[in-house]
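Working notes, structure below.
The values are calculated or read from the model by the stated rules, or taken from the named source; none is laboratory data. Just so we're clear, the structure is a prediction, and the values are computed from it rather than from any experiment. Don't worry about glycine lacking a Cβ; one is built from the backbone with ideal geometry, like all the others, and counts go over all protein chains shown. Keep in mind that these areas ignore ligands, DNA and RNA; they rest on the heavy atoms of the full protein, side chains included. Shrake-Rupley method; radii C 1.70, N 1.55, O 1.52, S 1.80 Å.
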Amino acid sequence: GNLPKYLPFILNQIDNQQKKQYLLLHSLKEVCDLEQAVTDKAEFQESSVEKILNLLFNHCESEEEGVRNVVAECLGKIALIEPVKLVPALKVRTSSPAAFTRATVVIAVKYSIVERPEKIDEIIYPEISSFLMLIKDNDRHVRRAAVLALSTFAHNKPNLIKGLLPDLLPLLYDQTIVKQELIRTVDLGPFKHTVDDGLELRKAAFECVDTLLDSCLDQLNPSSFIVPYLKSGLDGEPQL
């Protein structure tokens, strides 16, 4: 298509059409997919990249999880095209005071780690710990994002994270434990309902361990996980 003509229109509409923002962000994602797929990226000009990044980073704190996920996917796609620019920009936002921003940039890294070799691999390698160590963040959304990113690294590029596993594994195992502070009771009038806000995080952690057992077994001691963590994590957990 005519990128110089339609890209400014898409960017303008994302800012001005709140009700259609999710769909418009998907349109932007399609643009990023196209630019990643073609070999000639002449149309993806520097000014366009800056405009896209400014818009995406402004929407990292959206209250809508669907919007944040599409933003993260767009950032991940652009990171594959412009890793020298994107990796530092993502890293600096790992210390953002906004939890949603921290979570979004970690998920963006997740989307940038694909099975085939990419130029981003050698650029992100020295910075991986800045993203994955957010597994000890105070916010559960950020911790879950880091666990999901670790799973993707373990599945697609395990060699990039093997050296970090001695530090990451105890933190990962800790995410499989039921946290009482994440359990709340909702009063529905005639009855009360218990909500476990940590359930999705624990599911992600167990799935990550399973992936690591497949790809990095030489770095793990299964018995150190099975006895203290797997047993306690599964006791009384029909949803896991």
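Worth pointing out:
- Across segment 103-109, rounded Karplus estimates of 3J(HN,Hα) from the backbone phi angles (6.51 cos²θ - 1.76 cosθ + 1.60, θ = phi - 60°) give 5, 5, 5, 5, 5, 4, 4 Hz, Gly and Pro being marked x.
- Estimated FRET transfer efficiency (residue 226, residue 46; beta-carbon r; R0 51 Å; 0.05): 0.50
- Student exercise, segment 44-157 dipole from Lys, Arg, Asp, Glu Cβ charges, in Debye to nearest 20: 260 debye
- Remark: the Cα gyration tensor places segment 1-133 in the oblate category, a/c being 1.5 or greater and a/b not exceeding b/c.
- By the Stokes-Einstein formula, at 1.567 mPa s and 4 °C, the chain with its Kirkwood radius over alpha-carbon pairs has D equal to 67 µm²/s.
- C-alpha long axis of helix 21-37 to longest principal axis of the chain, angle in °: 80 degrees
- For the chain, a simple Cβ point-charge model (Lys and Arg +1, Asp and Glu -1, everything else neutral) yields a dipole of about 240 debye relative to the Cα centre.
- Calculated FRET efficiency for the pair residue 197/residue 54, C-beta based, R₀ 35 Å, to 0.05: 0.60
- Members of 77/179; 85/179; 162/203; 119/179; 77/231; 5/157 lying beyond 31 Å, as alpha-carbon distances in this model show: 77/179; 85/179; 119/179; 77/231; 5/157
- Among 79, 52, 111 the positive-end extreme of the charge dipole of segment 3-235 (Cβ point charges): 52
- Cα long-axis angle, helix 83-92 against the chain (0 to 90 degrees, to the nearest 10): 50 degrees
- Residue 122 accessible area, assembled protein chains, probe 1.4 Å, Å²: 150 Å²
- Share of carbon and sulfur in the accessible area of segment 64-180 stands at 51%, probe radius 1.4 Å.
- Theoretical FRET efficiency, 1/(1+(r/R0)^6), r = Cβ-Cβ of residue 16 and residue 65, R0 25 Å, to 0.05: 0.70
- Entry comment: accessible area of the chain is 52 Å² per residue, from protein heavy atoms only and a probe of 1.4 Å.
- Relative to the dominant Cα principal axis of the chain, helix 140-156 is inclined by about 80°.
- Mean residue ellipticity (222 nm) of the chain, computed from DSSP H runs ≥ 4 via -39,500 (n - 2.57), nearest 500: -18500 deg cm²/dmol
- The chain, relative contact order [Cα under 8 Å, separation at least 6], %: 13 percent
- Proximal aspartates and glutamates relative to residue 110, as straight alpha-carbon distance under 14 Å, when same-chain residues fewer than 8 apart are discounted: 73, 118, 121, 127
- In segment 98-240, the inverse of the mean reciprocal separation of distinct Cα atoms equals 16.0 Å; this is its Kirkwood hydrodynamic radius.
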